[in-house]
Amino acid sequence: MLSTIEKMNKIIAIACDHAGYELKETIKKFLSEKGFEIKDYGTNSSDSVDYPDMVHPLGRDINTGVYNKGIVVCGSGNGVQMTVNKYQNVRCALCWNVEIAELARMHNDANVLSLPARFIPSELALEIVDKFISTDFEGGRHLKRVEKIKNTL
C-alpha cells in the first residue's frame with residue numbers, strides 16, 4: 001500500500017493556455033500511461049484564454065502542498081512560468097531540453113516544469129517531462145541555495 005507521500009508523488013497538476021492545449025493533452029496521456037493521476041486545471045480547448053486563470057489555481061495548490069509537482073504549458077513557457085513563480089513555495093523552471101530539466105530538479109528542486117509548446121516538438125517535451133518526474137533533488141550544497149530563494153521581505 002502506498003503512503004500519503006507516495007500517493008501525492010503519483011499526482012501531477014497540469015495547466016495550460018490555448019497555445020499549450022494540444023501538448024498538455026499529449027502529456028496527460030503519457031503520464032496516465034506511466035501510472036500517474038492528473039489534476040487538470042485547464043484550459044480544455046484551443047480557444048483563446050488568459051493563462052493566469054488556469055495557472056494561479058495550480059500555483060496556489062502547489063504552494064500549499066496539495067500537490068508536489070506540476071507542469072504548465074503556453075506558447076513560450078514564459079507567461080505561465082512568471083505567473084506560477086509568484087508563489088513562495090513554487091520553483092518553476094522553463095525547460096527546453098532534457099539536461100535543463102534534469103538540472104532544475106537536481107540542483108534547484110524545481111517542483112513545476114514550464115514548457116514552450118511553440119518551440120519544442122512533442123516528442124522532446126515528453127522526454128523532458130520524463131526526466132523531470134524521474135529526477136530527485138540532490139540536496140547537500142544545493143539545499144542552502146534553494147532555501148535562499150524564498151522572499152524574506
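Each reported figure results from applying straightforward, stated rules to the coordinates on display, with no laboratory input. Given the structure is predicted, the values throughout are model-derived calculations rather than measurements. FYI the Cβ positions are ideal-geometry reconstructions off the backbone, even for glycines, and counts take in every protein chain you see.
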Self-check item: Which of I27, L113, Y41, positive extreme of dipole for region 10-147 (C-beta unit charges)
Solution: L113
Quiz prompt | Förster radius 35 Å - calculated FRET efficiency between V66 and E33 (Cβ-Cβ, nearest 0.05) | solution = 0.90
Self-check item: Highest-fluctuation residue, L115, L23, L124 considered, GNM on the chain with Cα pairs under 10 Å
Solution: L124
Exercise. Determine the dipole magnitude for the chain: charges of +1 sit on the beta-carbon of Lys and Arg, -1 on that of Asp and Glu, nothing else is charged, the reference point is the Cα centre, and the result goes in debye to the nearest 20.
Key: 620
Quiz prompt | Hits among aspartates and glutamates - C-alpha to C-alpha of K69 under 15 Å, sequence gap 8 or more where chains match | solution = E6, E37, D40, D61, E102, D109, D130, D136
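Normalised by the number of residues in the chain, what is the relative contact order in percent for Cα pairs under 8 Å and 6+ residues apart? Before the final figure, lay out the partial values.
Values: 282 pairs, mean separation 34.0, N = 153.
Over the chain, the number comes to 22 percent.
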Exercise. Just grab the label-to-label distance for E102 and S122, each label 7 Å out from Cα along the Cβ direction, in nm (one decimal).
Key: 2.6
